[in-house]
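Written below as structure tokens is the structure these notes are about.
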Amino acid sequence: MDDLCHYDTIVQQLRSDYKKAIVRQDISAIYSVDDDNISGVFLSKPSEDYFNVSPRIMVVGQEPRGWRDKACKVKNNLEIDEVDLQESMNKTLEFARSGGKTSKFFQFYRKVAKEVHLANKDAIIWSNQFCVSSNKKSPVKTSKDKFAIIKDLSNDLLKAQINNLRPDVVIFTTGPSRDKYIKECFPELETIEVIVPRRLWHFKVGSVHCFRITHPRYLRGNKMWGQVIEHVKEVC
């Protein structure tokens, strides 16, 4: 199988798994008529370069700050349309390539690419812990029932990404207050070392090395940027 065919097959399978994950949930409960503050659904997409480098790295943020709010058919029409899912995936890859220039998260994201893959920013992949935002912020404070669905959907989407894209390393930039959600998503995880309490945690999910750092927008967390990158180089 040539590289392009291999890439297309993986993207197609990932999109199919996204669709299955969304179908399993009560989407109407997320996008209730009286609440227009929930964003469209964020869906990661790899570049072709991602499959041609080692190590393969995924960087996980917290949640999108709004996402295709007017275009997402899942949000606006409660439709699960493969063309729409593909458009969401394409926008993710496009934004990862050129968007968020003032964002501390993307400054960190591109620093990882620069130092591990010689500035090839397409060689890593962007994901989020939660697939939607509320008022362009965390969905944690939505109603209990709504958040339970958002969390389950987000976990299913993240696991689909890891299963299909098989990263060697995942860096969670989610901060210590969200560790409980990582543990709920991956109950099988194994702690390797708490390198810096609350700042840098190394664990494994199966064979995948994972690191959780403070979100890059926090000044204290910035001190972990170089340290986590060195740990990534060591484990791979």
- What ³J(HN,Hα) values, in whole Hz, does the Karplus curve 6.51 cos²θ - 1.76 cosθ + 1.60 give for region 152-159 when θ = phi - 60°, with x put for Gly and Pro? 5, 5, 4, 4, 5, 5, 5, 5
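Rg/Rh for region 47-116: what does it come to with C-alpha atoms and Rh from Kirkwood? Working shown, then result.
Details: Rg = 14.3 Å, Rh = 14.0 Å.
Ratio of gyration radius to Kirkwood radius: 1.02.
Residues of region 108-236: accessible area per residue at 1.4 Å, in Å²? Present the calculation step by step, with values, prior to reporting the outcome.
Working: 5940 Å² over 129 residues.
So region 108-236 comes to 46 Å² accessible per residue, rounded to a whole number.
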- Query: How far is it, in nm, from the label point at residue 194 to the one at residue 37 when both lie 7 Å from their Cα along the line to the Cβ?
  - Reply: 3.3 nm
- Message: If I fit a long axis through the Cα atoms of helix 104-117 and take the longest principal axis of the Cα atoms of the chain, what angle between them do I get, 0 to 90°, rounded to 10?
- Response: 50 degrees
- Of all trypsin sites (Lys or Arg not before Pro) in region 8-105, which ones are in loop regions per DSSP and have a Cβ with at most 16 other Cβ atoms within 10 Å? 24, 65, 70, 101
- Which ³J(HN,Hα) values in Hz, rounded to whole numbers, follow from the phi angles of region 29-34 under the Karplus curve 6.51 cos²θ - 1.76 cosθ + 1.60, where θ = phi - 60° and Gly and Pro get x? 6, 6, 9, 5, 4, 8
- Item | Longest to shortest principal axis, alpha-carbon extents of the chain, angstrom | 48, 44, 36
- Task: Run the quick spin-label model on residue 26 and residue 144: label points 7 Å from Cα toward the beta carbon, then report their separation in nm to one decimal.
- Result: 1.4 nm
- Taking 0.36 nm per residue of separation and subtracting the Cα-Cα distance, what length does fully extending residue 184 through residue 152 add? 10.6 nm
- Message: Among 18, 124, 175, whose Cα projects farthest towards the positive end of the dipole of the chain, with charges put on the beta-carbon of Lys, Arg (+1) and Asp, Glu (-1)?
- Response: 175
- Förster-model FRET efficiency, 45 Å R0, residue 9 and residue 114, C-beta, rounded to 0.05: 0.90
- Query: Counting only protein heavy atoms, what percent of the accessible surface of the chain is carbon or sulfur at a 1.4 Å probe?
  - Reply: 48 percent
- Query: Order of 185-195, 158-168 by packing, highest average Cβ count within 10 Å first?
  - Reply: 158-168, 185-195
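The values are calculated or read from the model by the stated rules, or taken from the named source; none is laboratory data. The shown structure was predicted, so the numbers you read here are calculated from the model rather than taken from an experiment. All Cβ positions, even for glycine, are placed from backbone atoms using ideal geometry, and neighbour counts span all protein chains on display. These area figures cover heavy atoms from the full protein model, side chains too; ligands, DNA and RNA do not enter into them. Shrake-Rupley method; radii C 1.70, N 1.55, O 1.52, S 1.80 Å.
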